[in-house]
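J.: Before anything else, here's the structure in question.
The values are calculated or read from the model by the stated rules, or taken from the named source; none is laboratory data. Please read these numbers as outputs of a predicted model, since none were measured by experiment. All Cβ positions, even for glycine, are placed from backbone atoms using ideal geometry, and neighbour counts span all protein chains on display.
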Amino acid sequence: MLAGDPRVQVVFAVNGSSPFAGGVKRLLDDVGASVVSWSAATRLPFDLVVTASENTELAGMDAPVLVLPHGVGFQKLLPDSRGVGSRLSGSLRPEDVKDHRVVVAVSHPDQAAQLVEHAPYLADMTEVVVDPVHERLTASAWFRDRYRTALGLGDRGLVVLSSTWGRESLLGRWPDLPARLLAELGADEHLAGVVLHPNIWSGHGAWQVRSWLARARDAGLMVMPPAGSWPSLLVAADCVIGDHGSVSLYAAAADRPILLAPLGTETVPGTAISALSAVADRLDVQGGLRDQVIATMREYHTGRYREATAKAFAGAPAARSMRSLTYELLALAEPPFEPTMAGSPLPEPERIVPTAYAVYTRQFDGGVDVRRIPVSVDAAATAPEGWERRLAVDELEWDLRLLHSAAILITREPSEENRDRDVLSRLPGADLVVAPAEGGAVATMRDGSRVEVRDPGGRLDPMLLGAVARTVVHSRTPATTAFTVRLGTRESRLSLRRQ
């Protein structure tokens, strides 16, 4: 909002008393911001104080104060940080507004009414503004294909988990949900990502968060860092599994199909998230996740959440721009040029590409069904009835236990008969070695025979081709054969030739 205006100098200060201040100073340093100590901030002359926390100690700051919401509205009750009962999240105390001109920005008139009902002393202190995150998010829908390309989705779906913080959050109640989801989705049909409330990262530390998510991360979970472009991940998503946090409302505003977890006791009735809960599909945590995701995507229709999100985000003329309000409080005329409306940056989540999978195959008349699950989340000791389960491992895998247990080993170099047989001699548990080849792959079997698998469509990688080759060869098919491979709802036509 202030970019390009040399009349305004912005200085940051961090109140280190918050248990969630971890990482804030580092973030400001990374962007090159000017940061002063909190004690200096209370002594220096300013024209406007902007805070994204209602807990900010304002004593000593002699300037108008603009309080920005760090979420959508006032959706939950939280324990008072001073140990006195509970209060509406986002509301200020009487002593915080004494002797100050305070303006509390809200994104809907209902939020202003709710806040004043809870804290009558805040009457005439609210201002309805256009939510800049919502505005940018909806505009970024134009870049959906660009985001999906950056994530390497291809024709796979993307399921995004969103969790607020605290014991009643999605991951606070069901911490194994990411691993369970990846175990059910199938790596070639869907990818999964997660957006965590920054308080989770700052309250527990990034090392701990990554440790808790280790199994899911090893299975390819895309983890959006706290300063990452989470709106672009929402825009790219095909389904969002969320809770009562603000990201669920933003996902609804972005017209993404939503599976919403049951609301916790801290959620305030009558709010926008309650309205969303009444119309969104309800997540059955004990039920099959894959079937729920597919049903939610199939049954969704555009605009399903419009009435719910209308309770959260107001547009003109009911709301004014944040820029207009900021310059009014600064007692400056707005610049004559319009601010930019850039789309959210490309998503750059943390992601580990799995190198070991449990590959399941099942023959049908004229072909083979195949599914693969990253081994870190696959808990099956035996395959379901009618399916075969084989451990397939890329040669880049670092876990020696997996390498020595692999039934199918994938190499990155073109096939060389002597080398492939040498690999088999050193890995006595392997049935075959698979190497890439032009138009497909070559599999070298334990008995020394070699099979060429042709994939004219180029849709399957050597691991899948090797797993299918093993199934077909062991079924004693003719020396040359053609067959269909089904991968979820997709089909490919392959041919196999024994060398």
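J.: Condition (residue is more than 30 Å from GLN208 (Cα to Cα) and in the same structural domain as GLU117 (by TED's automatic domain parsing)) applied to segment 15-36: is it met by at least one residue? Explain how you work it out, then say what you get.
T.: Initially, segment 15-36 is screened for residues more than 30 Å from GLN208 (Cα to Cα), giving none.
No, segment 15-36 contains no residue that is more than 30 Å from GLN208 (Cα to Cα) and in the same structural domain as GLU117 (by TED's automatic domain parsing).
J.: Now a separate question. Could you say which residue among PRO269, PRO336 is surrounded by fewer than 22 Cβ atoms within 10 Å (Cβ to Cβ), free of Cβ contacts under 8 Å to residues at least 12 places away in the same chain, farther than 18 Å from PRO132 by Cα and not assigned by TED's automatic domain parsing to the domain that holds GLU189? Let's see the steps before the verdict.
T.: Numbers: PRO269 fails: not assigned by TED's automatic domain parsing to the domain that holds GLU189.
Just a single option satisfies the conditions, and that option is PRO336.
J.: With the requirement that a residue be over 21 Å from GLN9 (Cα atoms), among the basic types (Lys, Arg) and free of Cβ contacts under 8 Å to residues at least 40 places away in the same chain, what does segment 32-82 give you?
T.: Listed by number, the list holds a single entry, ARG82.
J.: I would also like to ask the following. Just for strands (runs of 3 or more DSSP E) wholly inside segment 347-425: which have at least 2 residues that are of a type outside the set (Phe, Trp, Tyr) and more than 27 Å from MET222 (Cβ to Cβ)?
T.: On the way: elements: 356-364, 367-374, 388-394, 408-410.
Where strands (runs of 3 or more DSSP E) fall fully within segment 347-425 and carry at least 2 residues being of a type outside the set (Phe, Trp, Tyr) and more than 27 Å from MET222 (Cβ to Cβ), they are 356-364, 367-374.
J.: Additional query: Conditions: (1) under 36 Å from the mean Cα position of the chain (by Cα); (2) in contact (Cβ under 8 Å) with a residue 12 or more places away in the chain. GLY448 meets all but one. Number of the miss?
T.: Every condition holds for GLY448 apart from (1).
J.: Do any residues in segment 340-359 that are among the acidic types (Asp, Glu) have Cβ atoms under 6 Å from those of residues that are assigned to a strand (DSSP E or B), where the two are at least six apart or on different chains, and which pairs are they?
T.: GLU350/VAL223
J.: With segment 99-202 as the region, which strands (runs of 3 or more DSSP E) entirely inside it contain at least 3 residues that are in contact with a Pro (Cβ under 8 Å, 6 or more places away or on another chain) and either in the same structural domain as GLY245 (by TED's automatic domain parsing) or of a type outside the set (Val, Ile, Thr) (or both)?
T.: Working: elements: 102-106, 126-128, 157-163, 190-196.
Per the criteria, 190-196.
J.: For segment 243-273, which residues satisfy the criterion of being farther than 19 Å from ARG136 by Cβ, among the small types (Gly, Ala, Ser) and at pLDDT 95 or above?
T.: ALA261
J.: Does THR309 meet the test of being part of a loop (DSSP other than H, G, I, E, B), more than 30 Å from ALA406 (Cβ to Cβ), within 30 Å of the chain's Cα centre (by Cα) and hydroxyl-bearing (Ser, Thr, Tyr)? Write out each step before concluding.
T.: Numbers: part of a loop (DSSP other than H, G, I, E, B): no; more than 30 Å from ALA406 (Cβ to Cβ): yes; within 30 Å of the chain's Cα centre (by Cα): yes; hydroxyl-bearing (Ser, Thr, Tyr): yes.
Taking the combined requirement at face value, the residue does not satisfy it.
J.: Is there a residue in segment 488-497 that is under 22 Å from ASP188 (Cβ atoms), acidic (Asp, Glu) and surrounded by fewer than 20 Cβ atoms within 10 Å (Cβ to Cβ)?
T.: As a first pass, look at segment 488-497 and keep what is under 22 Å from ASP188 (Cβ atoms): 488-496.
Those still in the list that are acidic (Asp, Glu) too: 491.
From what is left, the residues that are surrounded by fewer than 20 Cβ atoms within 10 Å (Cβ to Cβ) are 491.
Within segment 488-497, one or more residues are under 22 Å from ASP188 (Cβ atoms), acidic (Asp, Glu) and surrounded by fewer than 20 Cβ atoms within 10 Å (Cβ to Cβ).
J.: Return a yes/no flag: does segment 405-423 have any residue that is buried (at least 20 other Cβ atoms within 10 Å of the Cβ) and under 17 Å from SER495 (Cα atoms).
T.: No.
J.: Quick one: would you say ALA318 is aliphatic (A, V, I, L, M), surrounded by fewer than 24 Cβ atoms within 10 Å (Cβ to Cβ) and more than 20 Å from the chain's Cα centre (by Cα)?
T.: On the way: aliphatic (A, V, I, L, M): yes; surrounded by fewer than 24 Cβ atoms within 10 Å (Cβ to Cβ): yes; more than 20 Å from the chain's Cα centre (by Cα): yes.
When the stated conditions are applied, ALA318 passes them.
J.: Here is a follow-up. Could you list, in sequence order, all residues of segment 426-468 that are in a helix (DSSP H, G or I) and exposed (fewer than 15 other Cβ atoms within 10 Å of the Cβ)?
T.: Residues of segment 426-468 that are in a helix (DSSP H, G or I), as a first pass: 426, 462-468.
Passing the criteria: only ARG426.
J.: Could you list, in sequence order, all residues of segment 5-27 that are touching a residue at least 12 places away in the same chain (Cβ under 8 Å) and outside any loop (DSSP other than H, G, I, E, B)?
T.: PHE12, VAL24, LEU27
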